[in-house]
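Participant: Structure below; questions to follow.
Every number in this text was worked out from the coordinates using simple rules, so none of it is lab data. Since the model is a prediction, treat every value here as computed from it, not as a measurement. When we count neighbours, we look across all protein chains shown, and the Cβ atoms used for this are built from the backbone with ideal geometry, even at glycine.
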Amino acid sequence: MSTNIQTVAVIGSGTMGNGICHVFAQYGFNVHLMDIRQDALDRAVATIGKNMDRQVAKGSLSSEAKAEALAHISTFTDMAAAAADADLVVEAATEAIDLKLSIFRKLDELCPPACILASNTSSISLTRIASVTKRPGQVIGMHFMNPVPVMRLVEIINGYGTNKEVTHTIIRLSEQLGKVPCVVNDYPGFISNRILLPMINEAVLALQEGVAGVSSIDTIMKLGMAHPMGPLQLADFIGLDTCYSIMNVLHMGFGAQKYAPATLLANMVQAGYLGVKSGEGFYKYTPGSKDLVVSERFAHTEQFAVAY
Ligand code: CAA
């Protein structure tokens, strides 16, 4: 069953924003991709084109379908123009509460009354976001996973006041995008990050304590638990700053010591070692290379498990 959503404004053109734009455009929606800088938008559209080329190369998308999908994307640096005729907005800006609240205040003024306001937030309360709008019943979490074109899950988060019809619309819409929706309630970290981030933080604590080295920790979790990436590589992929901010949300939200972020994670973030996006985290990344090379800073942990 389809929804009456045709035009989707995506706010933010970073990794998540361009992935979300990619999927909506691929499935025939008109997408208004908005960011404050035109060069960021141009980079995002180029990335979408390259990622669609991967799908063309493996035969899951035809060249014609790629061209059609790209033609569905328009870029905007003006939020009012991007939002004016949107049926749905998916906000995918930086994970900072003040920024998100200010975006939702503006969206509430700029969007048509029937428009649904969704956030791709990975941990910020949807109830808090909805509270700055005059339409809390139409505010919902639509949490996509990275890389968006590949990962099948959409975690849908009901704020305290989200209308049931809005939840049903977003469930059907996620299915239209070929995704599997799962609905959860608004608690810190929802389900995905309440479970994923403590695992990643525990891996950092184990490294910090010298229980094992970077590759041993990741190999144990990859081969032993059939995870596609080990927790330290996944932390680099998500961004250590994002991991740290989600741990802080869990720590403050539940007030329990078990959610305290590892000191090593905090230090790496403060020193600017953010993972893939900064070129170095637990691993060192060289543009164009797919090799997984442990960062020099952790080379000593690779020798053997450190003595007690
Ligand atoms: N767009 C389109 N296709 C893409 C893509 C993209 N951005 N990225 C990868 N792919 C495709 C590749 O073309 C390839 O396709 P085929 O297998 O059909 O050839 C496939 O995905 C696998 O990619 P690669 O061969 O490049 O590499 P890989 O086999 O190592 O897989 C991966 C890469 C899919 C990222 C895999 O390592 C993986 O699943 N990792 C875990 C990802 C994960 O856990 N994501 C969730 C993070 S948490 C989050 O996002 C939410 C949060 O709030 C923190």
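Participant: Top mean-square fluctuation among Leu274, Leu99, Leu70, Gaussian network model of the chain, C-alpha springs under 10 Å?
Facilitator: Among Leu274, Leu99, Leu70, the largest mean-square fluctuation in the Gaussian network model of the chain belongs to Leu99.
Participant: If you wrap a convex hull around the alpha carbons of the stretch 254-308, what volume per residue comes out, as a whole number of Å³? Could the numbers behind the result be given before it?
Facilitator: Working: hull volume 7.1 nm³, N = 55.
That works out to 130 Å³ per residue.
Participant: Counting pairs of Cα atoms in the chain, how many percent are more than 23 Å apart?
Facilitator: On the way: 27428 of 47278 pairs.
Percentage above 23 Å: 58.
Participant: Now for a separate question. Once the cut-off is 19 Å, how many percent of the Cα-Cα pairs in the stretch 102-234 end up in the long-distance tail?
Facilitator: Above the 19 Å cut-off, the stretch 102-234 has 57 percent of its Cα pairs.
Participant: Which residue, Lys164, Lys106, Lys58, tops the fluctuation ranking in a GNM of the chain built on C-alpha contacts under 10 Å?
Facilitator: Lys58
Participant: Still on this model: In the stretch 252-308, which trypsin sites (Lys or Arg not before Pro) are in a loop and have at most 12 other Cβ atoms within 10 Å, using DSSP for the loop call? Write down the numbers at each step before the final one.
Facilitator: Details: sites: Lys258, Lys277, Lys284, Lys290, Arg297; in loops: Lys290.
Of the trypsin sites (Lys or Arg not before Pro), the ones in loops of the stretch 252-308 whose Cβ has at most 12 other Cβ atoms within 10 Å are Lys290.
Participant: With +1 on each Lys and Arg Cβ and -1 on each Asp and Glu Cβ, how big is the dipole of the stretch 193-301 about its Cα centre, in debye rounded to the nearest 20? Kindly include the intermediate steps, with their values, before the conclusion.
Facilitator: Working: 7 positive and 8 negative charges, 36 e Å.
Result for the stretch 193-301 is approximately 180 debye, rounded to the nearest 20.
Participant: Taking only Cα atoms and a 10 Å spring cutoff, compute GNM fluctuations for the chain and point out the largest among Glu91, Glu280, Glu155.
Facilitator: Glu280
Participant: Next up: Starting at the first residue of the stretch 149-161, write each ³J(HN,Hα) from the Karplus equation 6.51 cos²θ - 1.76 cosθ + 1.60 with θ = phi - 60°, in whole Hz, x for Gly and Pro.
Facilitator: x, 9, 7, 8, 7, 10, 7, 9, 10, 7, x, 4, x
Participant: Which ordering of Cys243, Cys21 is given by a fewest-first count of other beta-carbon atoms within 10 Å?
Facilitator: Working: Cys243 29, Cys21 32.
Taking fewest neighbouring Cβ atoms as first place, the list is Cys243, Cys21.
Participant: Counting only residues 5 or more places away or on other chains, whose amide H sits under 5 Å from the amide H of Val154 once H atoms are built in the peptide plane?
Facilitator: Excluding prolines and chain starts, which carry no amide H, the hits are Val180, Cys182.
Participant: List the aspartates and glutamates whose alpha-carbon lies under 20 Å from that of Lys66, not counting same-chain residues fewer than 8 positions away?
Facilitator: Output for Lys66: Asp42, Asp53.
Participant: If you don't mind, there's one more thing I want to ask. Over all alpha-carbon pairs in the stretch 7-185, figure out the percentage whose distance exceeds 28 Å. Display every interim value, and only then the final one.
Facilitator: Numbers: 2578 of 15931 pairs.
Roughly 16 percent, rounded to a whole number.
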